[in-house]
Structures are given as structure tokens and as C-alpha cells.
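The values are calculated or read from the model by the stated rules, or taken from the named source; none is laboratory data. Computed from a predicted model, the values in this text were never measured in an experiment. When we count neighbours, we look across all protein chains shown, and the Cβ atoms used for this are built from the backbone with ideal geometry, even at glycine. SASA here: full protein model, heavy atoms, side chains in, ligands and nucleic acids out. Shrake-Rupley method; radii C 1.70, N 1.55, O 1.52, S 1.80 Å.
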Amino acid sequence: MVEFDRPSAAVAGPAVGGSSPPHGALNTRIAIAQVRMHWTLAENLGAIHNAMHVAKREGAAICAFSELAVTGFHREIASLARPEVVAPAIESIQHLSARLKLAVAVGAPTFGEGGAKYITHLLIGDDGVVTAAVSKRGLTDPEATFFARGTSRPLGRLKGLRCTAVICREVGDFSSVTSEVPPGSADLIFVPGALRQDPAMPFADPPAYVDDMRALALATGAYVVQTNWPNALNRPEESTDAGRSGVVSPAGELLFRLPKEASGVGVFNLGERSVAWWPQ
């Protein structure tokens, strides 16, 4: 286990400057499962279960995973995104969630009428019941050739917190997202995805998507918890600068970022700048 602080900060402890957790959420402990993507569903599900056990061991109340964590997001998605394949995996996560009394935010394909497939983030309470299913609306052109667009951005409660998800590049769709999540409506916004430095733009640290996360937090008054894939499979070179999952306070302060290109579980108390990192 390694413990470190947010970038450019040497002081750990409660956040300041308007970034206190929402009422009743002080010291809510959250795990970010920045775990490696695999080609097979069995390997991804094993990594999810393992991360959930780490989260529970370290006292977390909520464990957050990335976009399409169940299947991985790679060229084999067409063979894996089938109801008979995905449903048992989701059920196993729900059962483990209830057994551990651990709420989970996890990405998986979901299915609709006429064979429609969605990139969905499932919010699962600590009783194993899905409290909200948020399907991605801001699809890229390649994604839209296989997946359908979601039609709403519902809220679900996890450990008493009002939660929703803004999936990957949607974080840049500022006007659309903020119209769906008005100020004060959410306590916690998950940003699962594979966000990275844009190679076509001058290098920036932190990269531009962190500014989008800051703007989202300020506009909604919510904590923004990003869970980024630490690797890419279709094009391994895109693993460069992957990971670096981060948390932004309602005041727009970047509290910390996790290591780049590293697989593990980061556990922190909501509103604090320090995080414990458990490599996986």
C-alpha cells in the first residue's frame, strides 16, 4: 500500500475552500477500481470481484469501476455484448455487493427493444439492487455503429448519496450534461471511461479533460469521481498516460490523481486530499 497526496500538495487532511462533503456524507469512504482491462469477460469479472474485496477490506462504502468494466472496451465487444453472457456477470456482482454490503458503480452493456445495445453504468446499492442505469448518450461515431444512445440521465442513491454518471467523453458535453444535472440535484457524479491526453494537442498537465471535470463539479455542486482504464487493448500505444483517475470537489478543486498506467485500487474519504493506493 502506498499513500500519497494530490498533485502539488504536501498536506493531507480535510479539503477546504468550499469542498466539504454533502450533508450526512462526511467521511464516506470510496474506492476507485482503476484495474487493468482484459480481453475476456471471466478475467474482467475476476478483477472486479477482487477489487470489491479490497474495497471492503479497506472500509469503503462504495466501489467505482470504469466504462464497460464487465466486458472491457475492445474489438471483441461484439462477441461479449450479449444478454446471455452479460446477465450472469452482473448478477454475480449484485450478489457479491449484497454479501459485502458494498455499493458499486460499474459499467456493462445493457439491452433494449429490437436488439438495441447500450453503454451503461449501473449503480448498485449495498443490498444488490440496481438503483439507476445510466446509458451513454454522447457516443463517438465508431461507438454509434454498434451501440444505441441513451435517452436520460437518472439519479440513484448509493449509501444515501444522490449519484449519476457522465460517461467518458460526455464530460466535455457541458451544456447538455448540466441541463440534465442541475445545481444541487446530485451529490456524486461518476466519470467512467478511457480519457487521456489528446496527442494532437500540446501536452498539458493536468490534461484538458480535468478542466472539464472541474467545470462539471462547479456547475452541479457535486463531487466528480473519475475511474479511468489504466490500459488499452486495441491500440496498446494508447496506454501512454492512461489511468490517472481523479477526484474533483464541488469547489472545482482537483483533490488527487491516481498513478498513470497502473492497475490498482485507490481508497479515500470523500472530501479529503489523501488516498491509499493498493496495486493489483
Q | Matching residues, region 216-240, being crowded, with 17+ Cβ neighbours inside 10 Å, closer than 23 Å to Thr71 by Cα and out of contact with any helix residue (DSSP H, G or I) (no Cβ under 8 Å at 6 or more places or on another chain) | A | Val225, Thr227, Asn228, Trp229, Leu233, Ser239
Q. Just one of Arg273, Arg244 is out of contact with any Phe, Trp or Tyr (no Cβ under 8 Å at 6 or more places or on another chain) and closer than 29 Å to Val181 by Cα; which is it?
A. Arg244
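Let's see how each residue does on (1) within 15 Å of the chain's Cα centre (by Cα); (2) under 23 Å from His53 (Cα atoms):
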{"position": "Ser79", "(1), (2)": "no, no"}
{"position": "Ser92", "(1), (2)": "no, yes"}
{"position": "Val129", "(1), (2)": "no, yes"}
{"position": "Val134", "(1), (2)": "yes, no"}
{"position": "Leu139", "(1), (2)": "no, no"}
{"position": "Glu143", "(1), (2)": "no, no"}
{"position": "Phe146", "(1), (2)": "no, no"}
{"position": "Thr151", "(1), (2)": "no, no"}
Q | Set Gly114, Gly150, Gly128, Gly138: member being at positive phi, buried (at least 16 other Cβ atoms within 10 Å of the Cβ), not β-branched (Val, Ile, Thr) and not in a strand (DSSP E or B) | A | Gly128
Q.
Please go through (1) open to solvent by less than 30 Å² (accessible area, probe 1.4 Å); (2) assigned to a strand (DSSP E or B); (3) hydroxyl-bearing (Ser, Thr, Tyr) for Ser97 and return the number of the only condition it doesn't satisfy.
A. (2)
Q: Report, by residue number, each residue of region 153-176 that is crowded, with 22+ Cβ neighbours inside 10 Å and either in contact (Cβ under 8 Å) with a residue 40 or more places away in the chain or not in a helix (DSSP H, G or I) (or both).
A: Arg153, Gly156, Leu158, Leu161, Cys163, Thr164, Ala165, Val166, Ile167, Cys168, Val171
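Can you pull out the residues in region 59-94 that are in a loop (DSSP other than H, G, I, E, B) and hydrophobic (A, V, I, L, M, F, W, C)? Reasoning before the result, please.
Taking region 59-94 as the starting set, the residues that turn out to be in a loop (DSSP other than H, G, I, E, B) are 59-61, 65-76, 81-82.
Within region 59-94, Ala60, Ala61, Phe65, Leu68, Ala69, Val70, Phe73, Ala81 qualify.
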Q. Any idea which of Pro199, Pro182 is at pLDDT below 95, open to solvent by 40 Å² or more (accessible area, probe 1.4 Å) and either assigned to a loop (DSSP other than H, G, I, E, B) or more than 21 Å from Thr164 (Cα to Cα) (or both)?
A. Pro199
Q. Between residues in region 260-278 that are farther than 11 Å from Val247 by Cα and outside any strand (DSSP E or B) and residues that are acidic (Asp, Glu) and open to solvent by 10 Å² or more (accessible area, probe 1.4 Å), which pairs lie under 9 Å by C-beta distance while being six or more apart or on different chains?
A. Glu261/Asp241
